[in-house]
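First comes the structure, then the notes that go with it.
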Amino acid sequence: QQAPVIVYPGNPQGRHPVETGERGVYLVEVGADRGVRLTFHDVSVVRWAQVTVEIDDLETDHDLIDAIDSAVAVAFDAEGRDVVCRVTVTGRGPLHAATHKGDFSATLRARINDGWSRGDPFGWCERVEVTTRPAFDREEQRQAGDFVGDLLRLVDDIQSDPVQLAALREQLGSLYGHPRAKKYLGPSLPEDGELGALLADAEGRALEQLLGIGAL
């Protein structure tokens, strides 16, 4: 056959936050004319979901809560399946300080679980990550010919270059495999999206030290 059908369905059940969305199997039907028809069937019991809320256009704590509630509701609408989600609050804006209060992540996670864990199907938030940054004109600062401008351009270069992201992931291998450190980290090296979030967080922390804005 000139163009054989090759399909890999993956696993029938997502096992951790990276394996989001539908998980299942393919029904393969081969006709008398050797034509192949593929039908995907979602057989997962629980779905993983990544929920991201950006604070850039939000002004008040109430706006933030509304945005989170809306995003979580969409994630938990999973065709009657139970859902476990990870919530990431990110972006740059005036609510940065509010998201870095000591109990913000724990309070938000408890609020989500109090509202959704008793349902059938249930929704559960396994973690809240905060990678917000202080409000400032990043593009203007990026164009500057100083150290801060160099830093921002370096972050953008890494974010947009798969080769540099792969090199960064490789460098993190020794940390994730360290006998003491690995118990505080995930079971596997971060994917590109997670690396991007780590870079954004590192950028924000560096800017706080360099420019003295939005100290944690």
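Couple of notes before you dig in:
- Net charge contributed by nearby residues that have their C-beta within less than 14 Å of Asn113 (K/R +1, D/E -1): +1
- Accessible area of region 1-57 belonging to carbon and sulfur atoms, whole % at 1.4 Å probe: 52 percent
- Ratio Rg/Rh, restricted to region 39-94 and using Cα atoms, in which Rh is the Kirkwood radius: 1.11
- Surface analysis of region 47-134 yields an accessible area of 50 Å² per residue, using protein heavy atoms and a 1.4 Å probe.
- Spherically averaged projected area of region 1-143 from its Cα convex hull (nm²): 13.1 nm²
- Radius of gyration over Kirkwood radius for region 112-156, both on Cα atoms: the Rg/Rh ratio is 1.41.
- Averaging 1/r over every pair of different alpha carbons in region 66-216 and inverting the result gives a Kirkwood radius of 17.6 Å.
- When the convex hull of its Cα atoms is projected in every direction, mean area for region 1-84 (nm²): 8.3 nm²
The values are calculated or read from the model by the stated rules, or taken from the named source; none is laboratory data. Because the structure is a prediction, the values reported are computed rather than measured. No Cβ is skipped: glycine too gets one built from the backbone with ideal geometry, and neighbour counts run over all protein chains shown. Areas reflect the complete protein model, heavy atoms only, side chains present, ligands, DNA and RNA absent. Shrake-Rupley method; radii C 1.70, N 1.55, O 1.52, S 1.80 Å.
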